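See structure below.
Since every read-out is calculated from the coordinates, none of them should be taken as a lab result. Small disclaimer: the values here were computed from a predicted structure and weren't measured. Cβ sites come from the backbone with ideal geometry, for glycine too, and all protein chains shown count toward neighbours.
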Amino acid sequence: MPSRQGSQRLRIYGHRGDRRRALENTPDAFALAVGEGADGIEADVRRLVDGTIVLFHDDEIGGTPVERFTFAELSVAWPGLVTLASLRELPGTPELILEIKGRGFARELVDCVAGIERVVIAAFDHRLVAELAELRELRSGSFELGATIAGNLVRGAGYVRNLGAQWLFPAHTFVDEEIVSEYLDAGVKVVPWVPNTSYWWEPFHTWGCHGVITDVPSDAVAWRETASDR
């Protein structure tokens, strides 16, 4: 199958920012990734017991579910904790991929991202993606949606489109050229996570993936610059 890369530049998204150089899911990590040339960032969002929506990945701390903490309590356990609203203060307008952790706060999330440019909301829970698609219609939201998948893609592109999603975020080891071609033909942007070497970036670029979510955004950007010269 011929290359589908055309003039498309592979977009680079920092996985929780540049998490190898700064505390993940913090403004410092995000600023580093964007400063290194990343096109955007991926961040995890959760709602705490006091209703605050924060940027945090793990399910628990010290055996206690994160959702049982207040913002003040979690800030002690995790210095550097910030709210989703803090993304409004990022310099420039980097693309934002927000991965939802947990359930039950879809409406609050939609309200919180209102007015933020270039936002994609994604989830492993595809019922939640469908719920967000309905809310987007009701509230005339401008955000896009993505389906995140950790294993084999046993359902086709039509499944993702029927959810109301425009993006697919598959685990990178389950992606091949045929899969990318199918989703591209259906108008779905494919962004694998988390490939960290050119062994993966090269074929994903050649096959026409929209971008990659990576732990090493600076390395990926440097590779992209050299790849564009070939």
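Taking the number of Cβ atoms within 10 Å of each Cβ as an exposure proxy, the fewest-first ranking of Glu89, Glu60, Glu131 is Glu89, Glu60, Glu131. In terms of other Cβ atoms within 10 Å, Tyr199, Tyr183 run from fewest to most in the order Tyr199, Tyr183.
When only the Cβ of Lys, Arg, Asp and Glu is charged (+1, +1, -1, -1), the dipole of segment 82-157 relative to its Cα centre reaches about 180 debye. Label separation (Ser181 vs Phe124): 3.1 nm, computed from points 7 Å beyond Cα along the C-beta direction. Computed from the C-beta positions of Arg68 and Asp28 and an R0 of 22 Å, the FRET efficiency is 0.25 to the nearest 0.05.
Per-residue Cβ neighbour counts within 10 Å put Leu23, Leu55 in the sequence Leu23, Leu55, beginning with the fewest. Only the Cβ atoms of Lys and Arg (+1) and of Asp and Glu (-1) were treated as charged; on that basis the dipole of the chain about its Cα centre amounts to roughly 280 debye. Applying D = kT/(6 pi eta Rh) to the chain, where Rh is the Kirkwood radius over alpha-carbon pairs, T corresponds to 10 °C and eta to 1.306 mPa s, the Stokes-Einstein value obtained is 88 µm²/s.
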